[in-house]
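See below for the structure under consideration.
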Amino acid sequence: MDRTAHCRSYMGTIRYSNDPAATASFTFNGSAFVFTYLKNSVRGNIEVWLDGARVDTLNAYDPAMLWQSTYSSSGLSTDPHTVVFKHGGPSGTYIDVDAIRIIVPDLLLRAMSPA
């Protein structure tokens, strides 16, 4: 990959794989998250799993290169959640993780702050 291309990703943090078994996961407390990824002609589907259930499949294919495409969740309880992104095919395509932003309500932030 052209090293100058990383400057279009979020802080140069993009990671990618074409392994059909590829996954990326994180656990968080918050009411929502924003997932940032790359769309391109060699990109495939990204399955979004939340707390063990598939909630969406993102089509990351686009004939153009579209940096910082986003997927947003919302309306979650502030309980702990686990999110897993899985390669959803087709074989030979790539999936990307550029950035993940957690949305935390002000009320939760105040409860977590030291007194």
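The values are calculated or read from the model by the stated rules, or taken from the named source; none is laboratory data. For clarity, every value in this text was computed on a predicted model and none was experimentally measured. Note that each Cβ is placed from the backbone with ideal geometry, even for glycine, and that neighbours are counted across all protein chains shown.
For beta carbons closer than 6 Å, sequence separation of 6+ or different chains, a first residue in region 50-73 that is under 19 Å from Lys39 (Cα atoms) and a second that is polar (S, T, N, Q), the qualifying pairs are Thr57/Asn45; Asn59/Asn45; Pro63/Ser41; Met65/Asn40; Gln68/Thr36; Thr70/Thr36.
Of all residues in region 54-75, those satisfying the criterion of being at pLDDT 95 or above and over 22 Å from Ser9 (Cα atoms) are Arg54, Val55, Asp56.
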